[in-house]
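A.B. asks: The structure follows.
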Amino acid sequence: MNKLLLSLLLILGISSTTQAADAVKGDPAAGQAKTAVCGACHGPDGNSMAPNFPKLAGQGPRYLLKQLHEIKDGKRVVLEMTGLLNNLNEQDLADIAAYFASQKGSVGAADPNLVARGEALFRGGKLDQGMPACTGCHSPNGAGNAAAGFPHLGGQHADYVKKQLTAFREGERTNDGDTMVMRSIASKLSNKDIDALSAYIQGLH
């Protein structure tokens, strides 16, 4: 089995980690009423204006719900979110995820000086190092795979993407499942690679 195929199989294996409680159906209308606090950082419709806070609009509900669960349970540490989810139940989390998923995400602009390198990494990976293309899970236009729980990346703030890729590389973020797929991929990225990928993703749509 070649390295690329093995890597893709490992990536697909992450879907087993996204099987958070899908039994509760979220209500976008109810969720909107529960996002007043969220809007302070992420924007009322999930389109954050601050580059260090992620855009949530248009993100897959399964991915959003997984992150909410893991932040609440302490499996993913986000200091700005400390305690904010403690009083929310399963229905609340599902409603919030459904609301942000129903919103239209905005698109940013890519740094023209970094686009070529970023696109090459996103679409081609680093095959000589066993790193597959990002498109395998996140799709060519960055839309991700909502059903599988692979996040939408297109249009996300470059600063936020850079922070997350660096956190995966340094082992500071570990909620990518037993296969450690994102940690494995990020370990093969230099600082310049991360800068280029992040810039490219910000303008991707």
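A.B. asks: I'm told residue 137 meets every condition in (1) part of a loop (DSSP other than H, G, I, E, B); (2) modelled with pLDDT of 95 or more; (3) under 16 Å from residue 59 (Cβ atoms) except one. Can you identify the failing condition by its number?
C.D. replies: Of the numbered conditions (1) part of a loop (DSSP other than H, G, I, E, B); (2) modelled with pLDDT of 95 or more; (3) under 16 Å from residue 59 (Cβ atoms), the odd one out for residue 137 is (1).
A.B. asks: Have a look at 120, 116, 110, 133 and point out the one that is under 12 Å from residue 204 (Cα atoms), over 15 Å from the mean Cα position of the chain (by Cα) and of a type outside the set (Lys, Arg).
C.D. replies: Answer to the check: 110.
A.B. asks: Suppose we filter the stretch 39-66 for residues that are in a helix (DSSP H, G or I) and free of Cβ contacts under 8 Å to residues at least 60 places away in the same chain; how many remain?
C.D. replies: Count: 6.
A.B. asks: Still on this model: Against the condition among the charged types (D, E, K, R), touching a residue at least 12 places away in the same chain (Cβ under 8 Å) and in a loop (DSSP other than H, G, I, E, B), how does residue 188 come out, does it pass?
C.D. replies: Judged against the criteria, residue 188 is a match.
A.B. asks: Is one or more of the residues making up the stretch 60-72 closer than 18 Å to residue 160 by Cα, among the hydroxyl-bearing types (Ser, Thr, Tyr) and crowded, with 17+ Cβ neighbours inside 10 Å?
C.D. replies: Among the residues of the stretch 60-72, at least one is closer than 18 Å to residue 160 by Cα, among the hydroxyl-bearing types (Ser, Thr, Tyr) and crowded, with 17+ Cβ neighbours inside 10 Å, which makes the answer yes.
A.B. asks: Of these, 142, 177, 203, 149, which one is surrounded by fewer than 21 Cβ atoms within 10 Å (Cβ to Cβ), on the phi > 0 side of the Ramachandran plot and touching a residue at least 60 places away in the same chain (Cβ under 8 Å)?
C.D. replies: Checking each option against the conditions leaves just 177.
A.B. asks: Checking the conditions here, which among 94, 98 is assigned to a helix (DSSP H, G or I), in contact with a Leu (Cβ under 7 Å, 6 or more places away or on another chain) and not assigned by the TED database to the domain that holds residue 190?
C.D. replies: Result of the check over 94, 98: 94.
A.B. asks: Next question, about the same structure. Would you say residue 153 is farther than 19 Å from residue 128 by Cα, outside any loop (DSSP other than H, G, I, E, B) and out of contact with any Lys or Arg (no Cβ under 6 Å at 6 or more places or on another chain)?
C.D. replies: Criteria not met by residue 153.
The values are calculated or read from the model by the stated rules, or taken from the named source; none is laboratory data. Since we're looking at a predicted model, the values are computed, not measured. Reconstructed Cβ throughout: ideal geometry from the backbone, glycine too, with neighbour counts over all protein chains shown.
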